[in-house]
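Remarks on the structure that follows.
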Amino acid sequence: MTQNIYIAGAGQGSGKSVIILAMMELLSGHAGIVGFFRPVIRFDNNRDSLIDLISDRFQLNWPHDMLYGCTVDEASELIANGQYDELLKKIHEQYKALSDQCDLVLCAGTDYSAGHSTLEFDFNADLANNLGCLIVPVVRGTGRSTSQIIHATISFQKSLQERDCDLLATVVNNVEPAQVDALRTEFGKTPKQDAPLYVIPSEPSLAKPTVGDIARSMQTTVLSGDAEHLNRQVYHYKIAAMQVPDFLNHLEEGSLVITPGDRSDIILACLMAYSSTAYPQIAGLLLTGGLDPAPQLKQLVAGLGQPPFALLLTERDTFATATEIAQVNAVLTSDNEHKIAAALGIVEANVDVPELKQRIATTHSTRVTPLMFEYELLHRARSQRCHIVLPEGSEERIMRAAEILVLRDIAKLTLLGDPEVISCKAQALGLNLDKINVIDPLNSEYRRQYAETYYQLRQHKGISPEMAFDTMADVSYFGTMMVHLDHADGMVSGSVNTTQHTIRPAFEIIKTRPGAAIVSSVFMMCLEDRVLAYGDCAVNPDPDAGQLASIAISSADTARMFGIEPRIAMLSYSTGKSGKGGAVEKVREATRIARQLRPDLLIEGPIQYDAAVDASVARTKLPDSEVAGNATIFIFPDLNTGNNTYKAVQRSAGAVAIGPVLQGLNKPVNDLSRGCTVTDIVNTVALTAIQAQGMGQP
């Protein structure tokens, strides 16, 4: 499992780039293949400066466009159109393409450049959770009192906890040196948290822009100066509007002198002052008004060989230049070794590196969000494309889902229905279904072959050849026979037809798998931070103890197929040995049978729902249980309880219910709800394809 770390600023000016650089330095060489990812970037000449810095310094070989999710403009458009989930999916898909090639990925949160701090905080928290990341919040220390820093830090940590984020560490950055000891003392008084908190003092040189930062930000022309000149830091700005003697009195070390390009006297004075031991050395010279120096002066400068400082030219006038230059921020670049060394030095001196390495090695997010689960479904289905038949081929939702499934290369599809009707409807809906096979059971060349097979299977029930031929006109029977004869790997139906119409042909033709006492169902319940399995909520009204045990075992196998580690709770209105009565005894007996049949599985029962899902309740009711408080599979005693519970959780907790997934059949056939959405259909087809893969289908 790829480890993921998400570094997020708690607002503007947190200085998270320095923390990101230091974290990459810490991880490189100690965590296998380390990737870097930015969910959202703001393009600057089609590049992102932070991606360039990390790629250059750590020699990342991935292309630039693989290291980010989308641009700010793309994100804004999706959000404006009410497609927030689509934005998260887009970013997640880009991220997974990178993380599949890495042992660890470091993600850099958004820059708060739009000024919507609350919205961006929520967005970063959602991203960290949906990318399965441990989060490192970076809180701004500069410009705040000690009490303000403490309040901001605690508030941010509480907000992350409320969103169930997995905290790796907290960094309070750019703190005035005089405040550091007081902050560490105050934070030390709070109860020790699992996640450490580090206070990083400010390093003045990191906040100062370089001449190169100014040249890039203001898009000036560099008349002269190499990389070393451009990397000089600017500590002061001097507007040279006076005569030379007075100007020289105001020079300070590290000044960027701003003057019109026709002030030859100031240019000459700067050149002479730099070479003189009597005056401080300036960082550079910025000429305004778009005025080139006089030709004689340019010749003089050229004759000096390499000028002692960078010479820049801007089209702006002096006033506009002075106003705009104050807004230029310092940027870390890979060619500025001095600033990088300062950044790494200040962080490494104030972070317990061994402690942080240990936490990275031992702390993992176990979160599985609906978006993550859906992505894994589609990714696994795509990895080995199976052939799925959809009997309700002319239904609009089925057609829309079919187009998505083919465009995303998730499965090979066959639609059943009148080809002319489906073609006309597809044109009216603007759908492209050209790559999808369409079969009309009434006129299919396979109808007689399927009828003969059905007759052989059901003649003992009084079915005649003529009745079998008529039966194969039914799309559910025809589709089921395709699966039975390996003309398809699985079937999905039920958007229009009833559950009985969907599964009865499977009972008659495909039948139960050896070792499965009963065909049952399970729902994948995608909660905010985990996926649970509920069974049986759709098929069996009142299973006996043996059947209930079979449902539990089948549900465990199904859950494991979809990446859920089985810990089975056999639900009842009583926990442990306290309850009596027929309903409790049935669950107790089912638990005994299931344990006997599958001693490898963790099974607890009878157990109440709260004791199964809540660790604090479990400690009171079943303190020694490996399942209580940590259950992942919930087996309900009857259909009435199961169906009502899954719908209650779905509606009240906002859970995404995927299914029902039928289990116990020889080959996969799955039922849809008649109220299903296009997304539900896509997910169910993916589930069916994965089942087919697990059953050894092509």
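The phi-based Karplus calculation (6.51 cos²θ - 1.76 cosθ + 1.60; θ = phi - 60°) puts the 3J(HN,Hα) values of the stretch 378-385 at 5, 5, 5, 4, 5, 5, 8, 4 Hz, whole numbers, x for Gly and Pro. Note on Arg513 and Leu429: the extension gain reaches 26.2 nm, defined as 0.36 nm multiplied by sequence separation minus the Cα-Cα distance. Put simply, the amide H of Tyr6, placed in the peptide plane, has neighbours under 5 Å in Cys107, Leu134, Ile135, Val136, leaving out anything fewer than 5 places away on its chain. Going by a ≥ b ≥ c, the root eigenvalues of the Cα gyration tensor, does the stretch 412-561 fall in the rounded group (a/c under 1.5), the prolate group (a/b larger than b/c) or the oblate group? Judged from the Cα gyration tensor, the stretch 412-561 comes out oblate (a/c at least 1.5, b/c at or above a/b). Placing a label point 7 Å from the Cα of Asp335 along the Cα-to-Cβ line, the residues of the stretch 212-253 whose backbone N sits under 17 Å from it are 212-234. Length gained on full extension, Ile404 to Glu528: 42.1 nm, using 0.36 nm per residue less the C-alpha separation.
For the stretch 618-661, dividing the convex hull volume of the Cα atoms by the residue count gives 108 Å³ per residue. Surface analysis of the chain yields an accessible area of 44 Å² per residue, using protein heavy atoms and a 1.4 Å probe.
Note on Asp470 and Ile33: the model spin-label points, each 7 Å out from Cα along the C-beta direction, lie 6.1 nm apart.
On the chain, 50 percent of the accessible area sits on carbon and sulfur atoms, based on a 1.4 Å probe. Taking a ≥ b ≥ c as the square roots of the eigenvalues of the Cα gyration tensor, the stretch 163-210 is oblate, since a/c reaches 1.5 or more and a/b is not larger than b/c. Rounded to the nearest 500, the helix-only mean residue ellipticity at 222 nm of the chain stands at -13500 deg cm²/dmol, with each DSSP H run of n ≥ 4 adding -39,500 (n - 2.57).
For the stretch 156-163, 3J(HN,Hα) computed residue by residue from phi via the Karplus equation (6.51, -1.76, 1.60; θ = phi - 60°) reads 5, 4, 5, 4, 5, 5, 4, 9 Hz, glycine and proline entered as x. Only Lys, Arg, Asp and Glu carry charge here, each on its Cβ (+1 for the first two, -1 for the last two); on that basis the chain has a dipole of about 1680 debye about its Cα centre.
Full-extension gain between Glu324 and Ala349, please, as 0.36 nm times their residue separation minus the C-alpha to C-alpha distance. Result: 5.5 nm gained on full extension.
Computed from the Cβ-Cβ distance with R0 of 56 Å, the FRET efficiency linking Arg382 to Glu186 stands at 0.60. Counting only DSSP beta bridges whose two residues both lie in the chain, roughly 20 percent are antiparallel. Across the options Gly32, Ile54, Ala80, the greatest Cα extent toward the positive end of the charge dipole of the stretch 30-87 (unit charges at beta carbon of Lys, Arg, Asp, Glu) belongs to Gly32. Between the Cα long axis of helix 396-407 and the first principal axis of the chain there is an angle of about 60°, rounded to the nearest 10. When the GluC sites (Glu not before Pro) in the stretch 395-477 are filtered for DSSP coil states and for at most 16 other beta-carbon atoms within 10 Å of their beta-carbon, the remaining sites are Glu445.
Amide H to amide H, with H built 1.01 Å from N, Thr210 comes under 5 Å of Val234, Val331, counting only residues 5 or more places away or on other chains. In the chain, the longest principal axis of the Cα atoms and the axis of helix 639-652 are about 20 degrees apart. Karplus-based coupling profile of the stretch 97-103, in residue order and whole Hz: 4, 7, 5, 5, 9, 10, 8, with θ = phi - 60° in 6.51 cos²θ - 1.76 cosθ + 1.60 and x standing for Gly or Pro.
The values are calculated or read from the model by the stated rules, or taken from the named source; none is laboratory data. Source: prediction; values computed, not measured. Neighbour counts run over all protein chains shown; Cβ positions are idealised from the backbone, glycine included. These accessible areas exclude ligands, DNA and RNA; they are computed on the full protein's heavy atoms, side chains included. Shrake-Rupley method; radii C 1.70, N 1.55, O 1.52, S 1.80 Å.
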